[in-house]
Structures are given as structure tokens and as C-alpha cells.
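The values are calculated or read from the model by the stated rules, or taken from the named source; none is laboratory data. The structure displayed is predicted, hence computed values, not measured ones. Don't worry about glycine lacking a Cβ; one is built from the backbone with ideal geometry, like all the others, and counts go over all protein chains shown. Quick note on the areas: whole protein, heavy atoms, side chains included, nothing else; ligands and nucleic acids left out. Shrake-Rupley method; radii C 1.70, N 1.55, O 1.52, S 1.80 Å.
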Amino acid sequence: MSTHAYSRLWTHLIWETLSRERMLDKRAAARTSRYLTSYALQKGIYMKINYVNADHTHALIDLPTNICIEHVIKLLKGSSSHWINQNRIIRGKFFWGRGYGAFSVSHSDVDRV
């Protein structure tokens, strides 16, 4: 990150499992949530909160100045699906679906999100 750049770009990200299939039980979702938070931190992405459901995920991040939304999503989805499969968090093969939603959030609304 440049020492001459500053941003506060809160972004609400949403992505689904393949075919919106309910693949993650509560235990798997909780483990995946912890993994996403840790992985984001390793990549320099501040993830204020995330919520992993059986068939989709919500995450609130502060988008860094040196990375685009598409790359953040690629990192989060790719790494987490690999981690889920490598650690056999679920039976069978896990896949996130294609696409995502990304919505800006005003700093004053962060606590409500």
C-alpha cells in the first residue's frame, strides 16, 4: 500500500455456493467464517465481519487501495473452497458458484450492516 494513498471503502460482498445448494452445516459454516477472517488478514484485507450461511456468504471489508473487488473475491472464494476441500469440511466436493455481489456501504452505516 502506498504511504500516499488513503481510502475507506466499505464494501458488502455476497457470493453463493454452486447452484445455491445448501452445502455448509453450522459447524462447517463457522469454521469457514474463521478461515475467511484469518485469510483476509494475511492478504492485507480488513474484514470487519462475515457470515457464512449454508448456501451463501456475506462479508464486510474495507477495500484496500492496491486491490480491485474482483481480485478480492477471487482470493476469498478460491482460497476458501480449496481449504474446505483440502480439510474435508464437508462430504464430497465443494464449489462456490460463479459471480458475486458488491455493494458500497457508507462509513456511518457500517455498524448497522
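Here are the numbers for this structure:
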item: Qualifying positions in region 4-45 - closer than 16 Å to Thr65 by Cβ and in contact with a strand residue (DSSP E or B) (Cβ under 6 Å, 6 or more places away or on another chain); result: Trp10, Thr11, Ala40, Ile45
item: Failed item in (1) free of Cβ contacts under 8 Å to residues at least 24 places away in the same chain; (2) within 18 Å of Phe95 (Cα to Cα), with Leu41 passing the rest; result: (2)
item: Residue within region 32-40 that is of a type outside the set (Val, Ile, Thr), closer than 30 Å to His4 by Cα and at pLDDT below 95 present; result: no
item: Strands (runs of 3 or more DSSP E) (entirely within region 1-99) containing at least 3 residues that are out of contact with any Gly (no Cβ under 9 Å at 6 or more places or on another chain), buried (at least 16 other Cβ atoms within 10 Å of the Cβ) and charged (D, E, K, R); result: none
item: Hey, Ile67 touching a residue at least 12 places away in the same chain (Cβ under 8 Å), aliphatic (A, V, I, L, M), over 20 Å from Phe94 (Cα atoms) and out of contact with any His (no Cβ under 9 Å at 6 or more places or on another chain) or not; result: yes
item: Restricting region 100-113 to residues that are open to solvent by less than 100 Å² (accessible area, probe 1.4 Å) and more than 13 Å from the chain's Cα centre (by Cα), the residue that is modelled with the highest pLDDT; result: Val105
item: Pairs where the first residue, in region 95-112, is of a type in the set (Phe, Trp, Tyr) and the second is in a strand (DSSP E or B) and open to solvent by 60 Å² or more (accessible area, probe 1.4 Å), C-beta under 9 Å, 6+ apart; result: Trp96/Glu16; Tyr100/Glu16
